[in-house]
Amino acid sequence: MTLTQEAPAAGGAEEAVEPFPVTIIVRRFDPETMEEPVWQDFDVQMYPTDRILDALHQIKWEQDGTLAFRRSCAHGICGSDAMRINGRNRLACKTLIKDLDISQPIYVEAIKGLPLEKDLIVDMEPFFESFREVQPFLQASKPAEKGKERVQSVAERARFDDTTKCILCAACTSSCPVFWTDGQYFGPAAIVNAHRFIFDSRDDQAEVRLDILNDQEGVWRCRTTFNCTEACPRGIQVTKAIAEVKQAVLRGRA
Amino acid sequence: MTVESGGAVKAPPIETPKRGLRAPAGTLYRGTEGMWSWVLHRITGTAIYFFLLVHILDTALIRVSPEAYNAVISAYQTEIMGLGEVALVGAIVFHAFNGLRIILIDFWGWATQHHRLMFWIVVGLWVVTMLAFTPRHLINVFSH
């Protein structure tokens, strides 16, 4: 049974899968000519294994060269192409056509809460500013032993493993209802990156970061909506990390 | 990657971004149970706040005069107010159970992984509580 099915599939590869039409509705904005963003329809030919990023490429390369969006690696590592796809923050390069309901048009728009620059591009500077404020770098009080690295046990490394996965795509921060209405809030991504060093046994400045986050606009703004956890393309348990930082603030140490 | 079928490989003419204009509004963010429980928590919390405001005022009337207090309280003894009390108790019960859920999420790692299950437990507890309260209360309201 398996053999007879495999034989024709391997022989006639060209008749195997046909592309099918998919309607993509992109929320477009040109700051030079528009007051408000508008929705624009595009019809593209897609395979089930294509991604939303491939659809955007097809639009930009074959239909409308003025479409503006960011992407760099196109493989879910650089974190450039976070956007709102059918109302949820996703990476365009990790969202497959077959995982979406294509009997309906697919809505693509920029992430929310950051200043819109053009089409799908937002100004990421407020996001990175919050990131820098939590001091996301190793600060050890003593230099490492001469000729040695700083020793860390498996358990100590595992303590913050989840939050090392962040790629700073802003999908979490721009999915947060608190961040939409209060741009001063540090946001999930900054807290995740603070968590990564607060719970690092080699770092000695956890108290400083906890003090920064024990602010009016710090961890206490979190309302545990779990939008960030659901949006994270790296599967980081963002709300859990924020809860751990909250508890560390209450204890006064990591 | 695409366009091999149909022969028309030529790119369609570039169209102005005016085609297919729609209402210029973003889509509603499609959060999961976590987001909707937060929305409900906000709505019930705000509603309870305004109830308490009125409630403290009418209770404070007893300091003004017992007659004024009685007059105001008797104005509440209507069927419409009785139904409003069902809504009030419903809001308080949800806010209370969901508040316990939020406390558990903040202090218990397991709960952050199972917050959706816990939301449906909250809904279940709410239904049970309201099933117990509503018939008893409505009998009182409509039997005098």
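Each reported figure results from applying straightforward, stated rules to the coordinates on display, with no laboratory input. All values reported here derive from a predicted model rather than from experimental measurement. Here the Cβ positions follow ideal geometry from the backbone for every residue, glycine too, while neighbour counts run over all protein chains shown.
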Worksheet, complete the sentence: Cross-link reach from A:LYS240 to lysines, straight Cα distance under 22 Å and at least 8 residues apart if same chain, gives A:LYS165
Discussion item. Rounded to the nearest 20 debye, what is the charge dipole size of segment A:19-122 about its Cα centre when +1 sits on each Lys and Arg Cβ and -1 on each Asp and Glu Cβ?
Written reply: 520
Practice prompt. Determine the dipole magnitude for segment B:27-85: charges of +1 sit on the beta-carbon of Lys and Arg, -1 on that of Asp and Glu, nothing else is charged, the reference point is the Cα centre, and the result goes in debye to the nearest 20.
Written response: 280
Response to the item:
When the charge dipole of segment B:33-142 is computed with +1 on Lys and Arg Cβ and -1 on Asp and Glu Cβ about the Cα centre, the Cα farthest towards its positive end, among B:THR112, B:VAL39, B:PRO135, belongs to B:THR112
Discussion item. Contact order normalised by length for chain A, with contacts defined as Cα pairs under 8 Å and 6 or more residues apart; what percent is it?
Written reply: 17
Response to the item:
Whole-Å distance linking the alpha carbon centroid of segment A:158-184 with that of segment B:49-105 is 39
Worksheet item: What area, in nm² and to one decimal, does the C-alpha convex hull of segment A:19-122 cast on average over all directions?
Response: 6.3
Item to complete: Within 10 Å of each Cβ in peptide A:38-48, how many partner chain Cβ atoms are there on average? Round it to a whole number, please.
Response: 4
Response to the item:
With a 31 Å threshold on alpha-carbon distance, the violating pairs from A:LYS98/A:LYS118; A:LYS148/A:LYS246; A:LYS94/A:LYS148; A:LYS94/A:LYS118 are A:LYS148/A:LYS246; A:LYS94/A:LYS148
Worksheet, complete the sentence: With the dipole of segment A:19-122 defined by +1 on each Lys or Arg Cβ and -1 on each Asp or Glu Cβ, the option from A:ALA74, A:GLN58, A:LEU116 whose Cα lies farthest towards the positive pole is A:ALA74
Discussion item. No partner Cβ under 4.7 angstrom, meaning no disulfide-compatible partner by this rule: which Cys of chain A qualify?
Written reply: A:CYS93, A:CYS166, A:CYS169, A:CYS176, A:CYS222, A:CYS232
Worksheet item: Ordered by residue, what ³J(HN,Hα) values in Hz, to whole numbers, does segment A:225-236 give under the Karplus form 6.51 cos²θ - 1.76 cosθ + 1.60, where θ = phi - 60° and Gly and Pro are x?
Response: 7, 6, 4, 5, 4, 6, 7, 4, x, 9, x, 5
Fill in: Lys/Arg +1, Asp/Glu -1 at C-beta; the protein assembly as shown dipole; positive extreme among A:ILE97, A:GLN139, B:ILE73
A:GLN139
Worksheet entry | Charge dipole (debye, nearest 20) of segment A:208-252; +1 at Cβ of Lys and Arg, -1 at Cβ of Asp and Glu | 120
Item to complete: Describe numerically, in nm with one decimal, the distance between label points set 7 Å from Cα along Cα→Cβ at A:SER153 and at B:VAL54.
Response: 6.0
Discussion item. What distance in nm separates the two pseudo spin-label positions at B:ASN70 and A:GLU35, each 7 Å out from Cα along the beta-carbon direction?
Written reply: 6.2
